[in-house]
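Data block below; observations after.
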Amino acid sequence: MTGNDAFGEAWTRLTEWLAVMAPGSLAAVRPAVAREGLPQELSELYAHCDGTLPTEAGRFLVSGCGLLGVDEALALRARLVSLVDGPDAEADWWRLDWIPWAANHDGASCLFVDTGPGPGRGSVGYFFKETGGEAQLWPSLTAFLVALADAVEEGTPFLGETPVVHGDALGWG
């Protein structure tokens, strides 16, 4: 187990549940990769996996999001930053200190970690291209992962969606 025991325990709960209930989704998890220069919890995530395969089974997070590999996350961040580079950019549509770590198939919605200064640092938010970002939905990536593991184990709603297994893959409805 790596540095953050709570993160590792939540990751284990999630992957053990996937192994039994949605093995196709677990099979879509790519091997871990070490990467320096990222916020602690993102480094923790990548110490467990380098995202998921871009398949339906790999998009097992809410809103059809799959875990992004390090390079995919940095590429999506660069694309989103390029869209807000200018004087007319809306401050809360996409902030320069947000780093996506999970996204749907085309990046129109994603989950991100806030790396900016202040009380929201380290929190997880949700971005949708049409409406922009909603910051500080969970205080940390660990808190997100714990809540996700709780939802799949208990079959309870998470971000307004309920976990559903389709074939051998986790989905949300």
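For the range 90-128, the residues whose backbone nitrogen is under 17 Å from a point 7 Å from the Cα of residue 78, taken along Cα to Cβ, are 96-101, 107. Counting every pair of alpha carbons in the chain, the share spaced more than 25 Å apart comes to 27 percent. The simple spin-label model puts a point 7 Å past each Cα toward its Cβ; for residue 165 and residue 6 those points are separated by 2.9 nm.
Exposed loop sites, defined as GluC sites (Glu not before Pro) outside DSSP H, G, I, E and B with at most 10 other Cβ atoms within 10 Å, are absent from the longest region of the chain, namely 37-89. Reducing the range 55-86 and the range 117-147 to their Cα centroids gives an inter-centroid distance of 14 Å.
Every number in this text was worked out from the coordinates using simple rules, so none of it is lab data. Because the structure is a prediction, the values reported are computed rather than measured. Cβ: placed from backbone, ideal geometry, glycine included. Neighbour counts: every protein chain shown.
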